[in-house]
1. If each residue of separation counts as 0.36 nm, what is the full-extension length gain between Tyr53 and Glu2 once their alpha-carbon separation is subtracted?
2. If amide hydrogens are placed 1.01 Å from N in the peptide plane, which non-local residues have theirs closer than 5 Å to the one on Gly27?
Amino acid sequence: MEATRFGALNSGTVLVYDPSGTELFRGGITDRRGGERENPGLTQLAKVIGPGYRGAETRPTPVFGCPLVREPQEAAR
């Protein structure tokens, strides 16, 4: 499953990589379920994909969404 491969645990996870495969952004872009207002994740993402981005380090932001990967004990049921 791709979610496991990339370590995405929730449906709201956004990942951005540069052409060399370096992860530039990991996190959520809403501050709550269904959120549309400005928030730290959206601000960071805009910087990463915007013009003039120079590879400054970003921190993961909270992700809101449904779980994509079940806990091992749940998967065994």
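1. Details: separation 51, 0.36 × 51 = 18.36 nm, distance 2.71 nm.
Length gained, Tyr53 through Glu2: 15.7 nm.
2. The list, which skips near neighbours in sequence, is Val14, Thr61.
Bear in mind these aren't lab numbers, they're just calculated from the coordinates by the rules spelled out. These numbers were taken from a predicted model, which means no experiment stands behind them.
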